[in-house]
Each structure stands twice: as C-alpha cells, then as structure tokens.
Amino acid sequence: MSLWPKHPVIYEINAWTWLHELSKRYKKTISLANVPAAEWDDLAGRGFDAVWFMGVWERSPKGISIALNNPGLMADFRQALPDMKKEDIVGSPYCIRNYTVDPRLGGPAGLAAARAQLKKRGLLLLLDFVPNHVAPDHPWTTEHPEYFIGGTAGELAQNPGHFLQIGKNIIACGRDPYFPPWPDVVQLNAFHPGLRRAVKDTLSAIARQADGVRCDMAMLLVRDVFAETWGPKAGEKSAEEYWREIISSVKKDFPGFLFAAEAYWDMEWELQQQGFDYCYDKRLYDRLLHELPENIRGRLSAEYSYQEKLLRFLENHDEPRARAVFDREQEKAAAVVAFTAPGAKLIHEGQAAGKKVRLPVFLGRRPIEEGDSELERFYQALLAAKLCAGEWQMCETSGWPDNQTNQNILAWTWTDGKNRHIVAVNYAARQSQGWVRLPWADLGAGALELKDRLSGQSFERERRDLVENGLYVDLPPWQYHVLSFTL
C-alpha cells in the first residue's frame, strides 16, 4: 500500500544550495549524512508531506565544460549571481552522469541517512528521474550506444550544435520539438527495448532509495510525440507506450512508489492514463498568472478524477519566482486557490520567504535575499490549514443585476464527515460581493460559528440561511475566506 496521502504537499529543495548554506551557517561541511537534527525538525514542522531533493545525482564534468563555453548560459548565471565564481558552476542536475548520489552531497550512504531522518518525522522522499537524455559522459554512451539517437559525420558537420561525437559514435543532442537542442546532453531512444530494460533497472534502484520520482519533461516520451520529434531516426514505433510499460513494471515490485510528471502541452490526461500518479498543472498556473476568474473557474470545474491527479504550483525551479511575477496580495490569493483545490501541491524552497531570483540549476550558490515575514506567516497558516480531505465540490455564486462582481469569486467546499470547509477567493483587483451556494442541506437550525483558518476571525451565521440562500461574502481585492466548522 502507498504511504502517500491523497493530496500531498511536496517541498522542493535544491539539495546543493541547501547544503552549501547549511555548511556556511554551521561553519563546517554539511552533507546529507550529517544535517543537524534541528533542520530536519524544522522541515517536519512546516506542514509538508514530502521533500523533493532536487539534484542529488552525480553531475557531469563534461556538461560543466560545455556550459563554461556557452555565452548564453554564462550570461544567465551572472544575471542571477553577479559575484559568481567558476567554482559556483557545479553542473546541471539534469545532465546526469550516473544515477548515484553525488559524493559531494554525501553519496548513497548520505541519502540513506537523510531518508531515515525524514521517515522518522513522517516525511516522504522524492527524487529526480530524467528519461529523455543523459550526460555525454554517462557510461551508456560508450557501453550501449544503441540506446541513443544516432547521427552521421555529415549531420555533425552540417549542424554541430545538434550532435556530439563520443568516441567513434555520433549521438544527437537531447531536445524537445519546439526548441533548439540542449548542448550538454545526448538523446536516448525511447523505442529501444534495451534502453527500456535499463530504465526499469534504474528506476527500481531509485525505488530502493526513495518513495517516488519527479520525471523531467515526461511528455517527450509519449509514443506519438517521440515519433514526431525524431522520425525515422527513432526506428519503428514501439508497440507499448514507454510510460505504461515502465511504470507498470516498477510498480509490480514497488506498488507504493509514486510517479510525478513534469508535463506541458495539455498532456496531463494522457500521462495520467499511462500510469502517472500526478502531473504538473501548468494550465492552472498560467490562468492564475494571466487570465480572468472565469477561466480559472473553468479549469477547476474539470472532472474530479482528473483534478485529483494534478500537481498544483505557483513556482518551481523552471518557472520565475512567484514573488517576481505576482503582486504579493495576488500571490496569496493564487496560493489559496492552488493549495485548497484537489490534487498534490508543490511549494518551492524560498517561495514562502518571497525570494525573487530564479537560480539557474547549474549553480551551487545563490544570492542572499531579504525575506518577507508577512508572506512567511501567510504560507505557514495556509499549510497548517490542511483542508483537502473528504469530498470536494465547486460552488456556484450569484449576484444582482446591477452587481455582477460575484463572477470574480471562486468558491468550493470540502466535506469530511462532520467537518466542513468553505473556500471563497476574490480573484480580482476590485471589491467583490456575492452569494456562495453551499452543497449542504443537513446544517439544522440555530446559529453556526464559522472560523477563518487564515485570519483567525470568527463569523456567526444562521444555519437555515446558509442552506436556503448560501453564504454572503464581501471581499476586498485579492482577499479570501478559508472557513471551517464542525456539525
């Protein structure tokens, strides 16, 4: 049976920078093997269900060399870290030389020690898996060149940025179909049966060290996408979808092992059908950032069976920092929406503190930024609320002919036996009013106290009025109620 809760809250930590900062704070070398107990206690006390240690696998020296000679990457590094030194470039965690924990982070023994400390405190562990590509110095490139998309000397001469020569072999650089190739990685062939066997072994080894994986750019391995991207170079399409074969195989031996997909291009449903437990909800992120409440409402009105397998976020290591793109009050409103809707939730290290610099994953040190104590208190209260249990239901809102601001209000409920919760968010930069129709007919008669889990305020309402008319809300711009009561 899975140890994962139904709507887990996952905390993404950049393993390298976290350990670097702990080493500075404690004035000694800190690896995963000797993180002070107080740091584990701090993580356990924040309301997370799991920690995603981003970037624990062995990074590629060859990839670092390529990065150092890439003007675009170097400019990106200096923009994020103006006082950058050469030693700050530790390599991309997505240019993997080997699926062994980097010795500079504590090696396999260090990860085992860290996992034991997390487990002791009721926290699960998520790690990375990169299915599309590996580093040019990964052992497979010389031991099993047949696992890769190959090229010719002519193609290398004509498009030197699209291919790398490794020994006697010419191998295509990894890419997705909409962008230029990544210069520091080489492309695996998802249709090759030998590769699939090796991937099953790799993931089984990871499953002995962790409770789940976040699969990088998972949609690239979908059969039709891969065939369209690589055409004849990939050979004949495989009879079975990559993910359906891989996930089912691994889960035979590790049934509780979780698969989370980084997914774009509206391919979440397809990847769910192929076996993923959760898929990134980039569509909700984009709507919270750019679109009107009615579009957000439309996203949240999808089938529950689909929504409960989405992973909601406001930032991660690939997206801009939330505080850099949202105003503070809008970010708080967006967080209430994302963190009280069905599905898994992802919060990124530094997000609650209002950090604004998105650090390139190649760097092992990040700039010092001041924290935002108000935002930290908000996230602390939101994570502590933990509403997502029982039955979820979207609520209709109504207004008046001369006041349609109710359309700005997003509302839903959670029903967990006698424990009831109401969420109402004014997702607009203007005052909004309306009635929220509640799904409960069993409230009885008399007064009922509703307590706001975020503000601490209490409101008294008549039960019959709530049943017959709904809950009246009058919310300032970007404000919200997260109300709870017990029958």
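A few notes on this one:
- Note on segment 401-473: Cα Rg divided by 2.2 N^0.38 Å, N the number of residues, gives 1.14.
- Remark: spin-label model distance Glu143-Ser398 equals 6.8 nm, labels positioned 7 Å along the Cα→Cβ axis.
- Too-long pairs where the Cα-Cα distance tops 25 Å, listed order kept, from Lys332/Lys418; Lys356/Lys451; Lys237/Lys309; Lys6/Lys120; Lys28/Lys356: Lys332/Lys418; Lys356/Lys451; Lys237/Lys309; Lys28/Lys356
- Principal axes of segment 163-226: Cα extent on each, largest first, Å: 35, 29, 22
- Antiparallel bridge percentage (DSSP; both residues within the chain; nearest 5): 65
- Diffusion of segment 156-298 by Stokes-Einstein, at 20 °C in a medium of 1.002 mPa s and with Rh set to the Kirkwood radius over alpha-carbon pairs, works out to 126 µm²/s.
- Cα pair distances of the chain binned at 20 Å [whole percent]: 22, 52, 23, 3, 0
- In the context of the full set of protein chains, residues of segment 428-467 present 58 Å² of accessible surface per residue (probe radius 1.4 Å, heavy atoms only).
- Helix-only [θ]222 nm of the chain, DSSP H runs n ≥ 4, -39500 (n - 2.57) each, per residue, nearest 500: -9000 deg cm²/dmol
- Relative contact order (%) - criterion: Cα under 8 Å, at least six apart; region: segment 128-230: 35
- As a fraction of the 1.4 Å probe accessible area of segment 161-257, surface on carbon and sulfur atoms comes out at 52 percent.
- Over all directions, the projected convex hull of the C-alpha atoms in segment 70-214 averages 11.0 nm² in area.
- Annotation: extensible slack from Ala445 through Asp176 equals 90.9 nm (criterion: 0.36 nm per residue apart, minus Cα-Cα distance).
- The Cβ shell under 15 Å around Trp440 holds other residues with a net charge of -1, Lys and Arg each +1, Asp and Glu each -1.
The values are calculated or read from the model by the stated rules, or taken from the named source; none is laboratory data. It should be emphasised that the depicted structure is a prediction, and the values quoted were computed from it without experimental measurement. FYI the Cβ positions are ideal-geometry reconstructions off the backbone, even for glycines, and counts take in every protein chain you see. Side chains are part of the model used for accessible areas, which takes the heavy atoms of the whole protein and leaves out ligands, DNA and RNA. Shrake-Rupley method; radii C 1.70, N 1.55, O 1.52, S 1.80 Å.
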